[in-house]
Amino acid sequence: MRKQKLLIVDDDEDLRTQMKWALTADYEVFLAEDRESAIAIINKEQPAVVTLDLGLPPNPAGVEEGFAVLDHILDAYNHTKVIIITGRGEKENALRAVEKGAYDFFYKPIQLDELKVVLRRAFHLSQLEQEQREMRHLLSGNTFEDMIGTSQKMQDVFATIRKVATTDAPVLITGESGTGKELVARAIHRLSIRGSKPFIPINCSAIPENLIESELFGHEKGTFTGAHAQRIGRFEMAEGGTLFLDEIGDLPQLLQVKLLRFLQEKVVERVGGREQIEVDTRILAATNRDLEEAIKNATFREDLYYRLNVVKISLPPVRDRQADVILLAKTFLDRYTSEVRKKIKGFNSQAIESIERYSWPGNVRELENRIKRAVIMSEGKKITAEDLELESNLGKKEPMVLKDARKMLEKDLIAKAITRNDNSLTKAAAELGISRPTLYDLMEKLGIPK
Ligand SMILES: Nc1ncnc2c1ncn2[C@@H]1O[C@H](COP(=O)(O)OP(=O)(O)OP(=O)(O)O)[C@@H](O)[C@H]1O
Ligand SMILES: [Mg+2]
């Protein structure tokens, strides 16, 4: 790894040489003896840390020269950590420098061991800040609401969200599990004029069929056993705002009719009620099912589908967002590292490789969970492929699932050929179109007993 840059500004030549000797193993050390040479090096090398003696020629007894260097750094390179080196009698000046923005101060005569500790801290902080800046830079323009995505597909999704947010049209959000459907729904709501009104989600697959009607539409008192009081349904709760129907594919048929009616007439009827209640709520729906297939199987109404599907947002699976996967991983790493206050510095190269190769069947949610767990389990400075439990995936060209499937298929074919040929390996090999030794190898590799 490249050494970080340290500039030592001091007019005492012996001291400069002594410090250079002591520190050169850890840092790339530059030396300057006055204001001009210091500024020249700062501009050229942009050292992360500078130790600065305030008394420099032509007036080594004063502090103006040192302050001029400090001012230049603070103006031009305010990330640089400046450590003021000062005599015991000059504490006031040192404090003034810290007030202006110097990182710390240190008394002469210099105790090298102590200085090393101060330097290490300064460099560490500088590096952390640098990483944060890079992260922020990386993220700027690549995030949209709470979503991350530089890939073209996600950028297209963001553009559609922006457009539909200004309308009241229903939106159907599709995508595999864990691709961010709910995040999209919340973003549409937040960006719409309904943003300050309620966002009411309901998961149609999580509520028992006999309860979902009253959950959605409410009921009047005494309508059924247990209906002790009148109850407002989610439609009415979402008045002025947005109703998010998650897993819409699981909505029972009867309720599909009622929903269709709402979409056409903007009214709801509580269970057991006769009143038609006008409700102003926008419908967003999500599904990870293939609704067109459900229509063919007659489990989902076609007319409802067309009503909901005015605008469709399809979220790509993570395996089709190669441009995003590392960015997502780093964001989650950052988030969970600061949550548990561990000093994890990133992913090692194998971890990066395994993240890029894995097919992420559980999509963003799986990525997030694996990283969360890895942060908790990790004992080193960098997250490894093992921490992510992706190590078995390394060195393989294909995604795990395909590889496994192939193995199973091979095993099955070979076992059947052997049985069919009354355990004659020669005949089985001939039938499979491979040589006998190859068959032996395969049997051993696949764990087929001879
Ligand atoms: N583009 C993204 N950037 C950052 N985080 C994301 C992104 N997409 C999804 N997530 C996170 O991944 C997790 C799953 O997202 P979400 O619940 O929206 O998915 P979903 O498609 O609704 O999943 P399911 O079908 O399982 O309900 C959440 O923690 C969410 O914050
Ligand atoms: Mg969801």
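Of note:
- Only one of the listed residues (His189, His219) is more than 16 Å from ligand 2 (Cβ to nearest atom) and either touching a residue at least 24 places away in the same chain (Cβ under 8 Å) or surrounded by fewer than 17 Cβ atoms within 10 Å (Cβ to Cβ) (or both). That residue is His219.
- When Asp320, Asp290, Asp324 are checked against the criterion of being crowded, with 17+ Cβ neighbours inside 10 Å, among the acidic types (Asp, Glu) and under 34 Å from the mean Cα position of the chain (by Cα), Asp324 stands alone in meeting it.
- Hey, Leu139 within 30 Å of Gln322 (Cβ to Cβ) and at pLDDT below 95 or not: yes
- Of the helices (runs of 4 or more DSSP H) lying entirely inside the range 10-92, the ones with 2 or more residues being surrounded by 15 or more Cβ atoms within 10 Å (Cβ to Cβ) and touching a Phe, Trp or Tyr at 6+ places or on another chain (Cβ under 9 Å) are found at 35-45.
- Only a single criterion out of (1) open to solvent by less than 50 Å² (accessible area, probe 1.4 Å); (2) among the hydrophobic types (A, V, I, L, M, F, W, C); (3) without any contact (Cβ under 8 Å) to a residue 40 or more places away in the chain is not satisfied by Trp360, namely (3).
- Looking across the range 93-119, the residues that are within 37 Å of the chain's Cα centre (by Cα), outside any helix (DSSP H, G or I) and of a type outside the set (A, V, I, L, M, F, W, C) come down to Gly101, Tyr103, Asp104.
- Residue within the range 205-221 that is out of contact with any helix residue (DSSP H, G or I) (no Cβ under 7 Å at 6 or more places or on another chain) and within 16 Å of ligand 1 (Cβ to nearest atom) present: yes
- Of all residues making up the range 171-215, the number that are under 20 Å from Lys312 (Cβ atoms), among the acidic types (Asp, Glu) and out of contact with any Pro (no Cβ under 6 Å at 6 or more places or on another chain): 1
- Residue within the range 143-155 that is open to solvent by 50 Å² or more (accessible area, probe 1.4 Å) and assigned to a strand (DSSP E or B) present: yes
- Any hit, the range 98-110, residues being touching a residue at least 40 places away in the same chain (Cβ under 8 Å), within 18 Å of Asp26 (Cα to Cα) and open to solvent by 20 Å² or more (accessible area, probe 1.4 Å): yes
The values are calculated or read from the model by the stated rules, or taken from the named source; none is laboratory data. For clarity, every value in this text was computed on a predicted model and none was experimentally measured. All Cβ positions, glycine included, derive from the backbone under ideal geometry; neighbour counts span all protein chains shown. We work out accessible area using only protein heavy atoms, side chains counted, and drop any ligands, DNA or RNA first. Shrake-Rupley method; radii C 1.70, N 1.55, O 1.52, S 1.80 Å.
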